[in-house]
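Undergrad: I have a structure I would like to understand better, so I am pasting it below and will then ask my questions one at a time.
Every number in this text was worked out from the coordinates using simple rules, so none of it is lab data. Not measured: the values here are computed from a predicted model. Backbone-built Cβ (ideal geometry, glycine too); neighbour counts: all protein chains shown.
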């Protein structure tokens, strides 16, 4: 029966219901059923004994490159990679070509996602026309076509009055603001973190202050407007501390971390490998530890990837000329669960919450929970599984990951979207296309 599945004997971890225990889960016609519901004849049963069953993972920071960049990624390939990595929902950024700054582009994304998407796709709309930071978009039009948030990700509005008005209008339309925090004067066209390694390698540096200054600004706007402003891919100790104090003061500020900013540091660029080039750049080990501390103490509430595919030829150039960005959808689960849970830094439920309930609540989504009546999106994890990351095994069109060859513990072994099993490697490695 399509959209129906009976998951048995798994350890169910659902932070939204404070549940952690062995049990069964029934999905009928794409919807989670109340505990104790009789299983109709003909419903497929999946034995999850020995595995962890959690709400479908949500990645709220993904670049699908569609429209305009299908050589790097498409909605079809990007969502296949998401399913392969255990994600049932992705939130796509608007820096496409054309930019998703109008209802027509968002309508295209919705149509293409319905036609070729393997997992759920939630689009965002640009804050400014063409991501130019000069003229605010028609926010009502974007919301009408399904935008779940506003962002100029990859760019940062430098005009403070314009940014303040964006937050005010976003509040009126009920859309969170997601901000890439970078002061361009302080960033000074750098390509790596400003510090010892930028000096040794002779590469222009990006000052941590470039991030800190805009984070401070955004906190002030969140406070004045009493609205949700979300700091994307936070990377500096200073930014983490400012967010920590702002949240203690009750300001509506949130932040996300990425796998690379908790696993890597600026010295990892010493071989000039452009697969370690991203923006914000890899920071010092002290910054890395501060981000981990921020996740552990609840300052940083969301774990994302900033999945940013690039073609091989784009990355196979001089470090300074290569584009920013790395893959993340298929490596995030091993990195996060190994470094945060297996290391003992966080309880399992806290890591799961940061990948499910927290992003769903910020974006006002119905997913991210195993509550009865909600969409039947589920991820099954094997936290004992040893994985070696192989870039060539990726379902993305691109291969730009710094994690090739890493050995980690913990992985997604099944992805279920609306009751349909779209990825299953519980009994071997196989990806299931929709309808298979």
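Undergrad: Quick one: if you stick a label point 7 Å off each Cα along the C-beta vector at residue 270 and residue 17, how many nm between them?
TA: 5.0
Undergrad: Would you work out the relative contact order for the range 306-432, in percent, from Cα pairs under 8 angstrom that are 6 or more residues apart?
TA: With pairs under 8 Å counted, the relative contact order is 26 percent.
Undergrad: Looking only at the range 396-410, which residues have a backbone nitrogen under 14 Å from a spot 7 Å from the Cα of residue 386 in the C-beta direction?
TA: Once the point is set 7 Å along Cα→Cβ of residue 386, 406-410 turn out to lie under 14 Å by backbone N, inside the range 396-410.
Undergrad: So what is the diffusion coefficient of the range 194-304 in µm² per second by Stokes-Einstein at 25 °C and 0.890 mPa s, using a Kirkwood Rh over Cα pairs? Could you put the intermediate results ahead of the total?
TA: Details: Rh = 14.3 Å.
My calculation gives 172 µm²/s for D.
Undergrad: P(r) for the range 145-230, please, calculated from all Cα pair distances in 10 Å bins and given in %.
TA: 18, 43, 24, 13, 3
Undergrad: If you don't mind, there's one more thing I want to ask. How much length, in nm to one decimal, is gained on full extension between residue 184 and residue 31, taken as 0.36 nm per residue of separation minus their Cα-Cα distance?
TA: Answer, rounded to one decimal: 50.4 nm.
Undergrad: Quick one, can you get me the convex hull of the C-alpha atoms of the range 243-327 expressed as volume per residue in Å³? Let's see the in-between values first.
TA: Working: hull volume 7.8 nm³, N = 85.
Hull volume normalised by residue count: 92 Å³.
Undergrad: With 10 angstrom as the radius, rank 225, 181, 321, 92 by how many other C-beta atoms surround their C-beta, starting from the fewest. Walk me through the intermediate numbers first.
TA: Numbers: 225 20, 181 23, 321 11, 92 28.
Exposure proxy ranking, most exposed first: 321, 225, 181, 92.
Undergrad: Using R₀ = 41 Å, calculate the FRET efficiency as 1/(1 + (r/R₀)^6) where r is the Cβ-Cβ separation of residue 313 and residue 8; round to 0.05.
TA: Working: r = 48 Å, r/R0 = 1.16.
It comes to 0.30.
Undergrad: For the range 1-59, take N as its residue count and report Rg(C-alpha) divided by 2.2 N^0.38 Å.
TA: Relative to the 2.2 N^0.38 Å estimate, the range 1-59 comes out at 1.10.
Undergrad: Restricting things to Cα coordinates, could you compute the convex hull volume per residue of the range 166-205 in Å³?
TA: 77
Undergrad: Could you list 143, 277, 223 so that the one with the fewest beta carbons within 10 Å of its beta carbon is first and the one with the most is last?
TA: So the residues, fewest neighbours to most, are 223, 143, 277.
Undergrad: By counting other Cβ atoms within 10 Å of each Cβ, how are 197, 406 ranked from fewest to most?
TA: If I rank by nearby Cβ atoms, fewest first, I get 406, 197.
Undergrad: Using label points projected 7 Å from each Cα along Cα→Cβ, tell me how many nm separate residue 343 and residue 141, to one decimal.
TA: Label at residue 343, label at residue 141, 4.5 nm between them.
Undergrad: Now for a different question. Taking the range 1-141 on its own, what percent of its Cα-Cα pair distances exceed 18 Å? Don't skip to the answer; put the middle values down first.
TA: Values: 6287 of 9870 pairs.
Value for the range 1-141 (Cα pairs over 18 Å): 64 percent.
Undergrad: In degrees between 0 and 90, to the nearest 10, how far off the longest principal axis of the chain does helix 285-296 point, with axes built from Cα atoms?
TA: Computed tilt is about 40 degrees.
Undergrad: Suppose the chain between residue 199 and residue 220 were pulled fully straight at 0.36 nm per residue; how much longer would it get relative to their current alpha carbon spacing?
TA: Fully extending the segment from residue 199 to residue 220 adds 4.2 nm.
Undergrad: Sort the following peptides by mean Cβ neighbour count (other Cβ atoms within 10 Å, averaged over residues), highest first: 214-221, 420-427.
TA: Ranked from most to least packed, the peptides come out as 214-221, 420-427.
Undergrad: Could I ask something else about it? If the range 56-363 were replaced by its equivalent ellipsoid, with semi-axes equal to the square roots of 5 times the Cα gyration tensor eigenvalues, what would those be, largest first, whole Å?
TA: Value: 25, 23, 21 Å, ordered largest first.
Undergrad: Continuing with this model, one more query. Calculate, in whole percent, how much of the Cα-Cα pair population of the range 282-436 lies beyond 19 Å.
TA: Beyond 19 Å sits 62 percent of the P(r) for the range 282-436.
Undergrad: In degrees between 0 and 90, to the nearest 10, how far off the longest principal axis of the chain does helix 208-225 point, with axes built from Cα atoms?
TA: Roughly 70 degrees between the two axes.
Undergrad: Could I ask something else about it? Using bins 5 angstrom wide from zero, how does P(r) for the range 73-223 break down, in % of all Cα pairs?
TA: 2, 10, 17, 17, 16, 13, 13, 9, 3, 1, 0
Undergrad: Using the alpha carbons of the range 131-188, what is the convex hull volume per residue in cubic angstrom, as a whole number?
TA: 76
Undergrad: What 222 nm value per residue comes from the helices of the chain, counting each DSSP H run with n ≥ 4 as -39,500 (n - 2.57) and dividing by all residues, nearest 500 deg cm²/dmol?
TA: -8000 deg cm²/dmol
Undergrad: When the chain is fully extended, how far beyond the present Cα-Cα distance does residue 371 get from residue 406, taking 0.36 nm per residue of separation?
TA: Result for the pair: 9.1 nm of gain on full extension.
Undergrad: Taking the chain as a Gaussian network, where each spring joins two C-alpha atoms under 10 Å apart, which residue of 25, 46, 362 fluctuates the most?
TA: Top of the fluctuation ranking is 46.
Undergrad: Something else about it: For the chain, calculate the relative contact order in percent as a whole number, restricting contacts to Cα pairs under 8 Å that are 6 or more residues apart.
TA: Working: 1079 pairs, mean separation 88.1, N = 436.
With pairs under 8 Å counted, the relative contact order is 20 percent.
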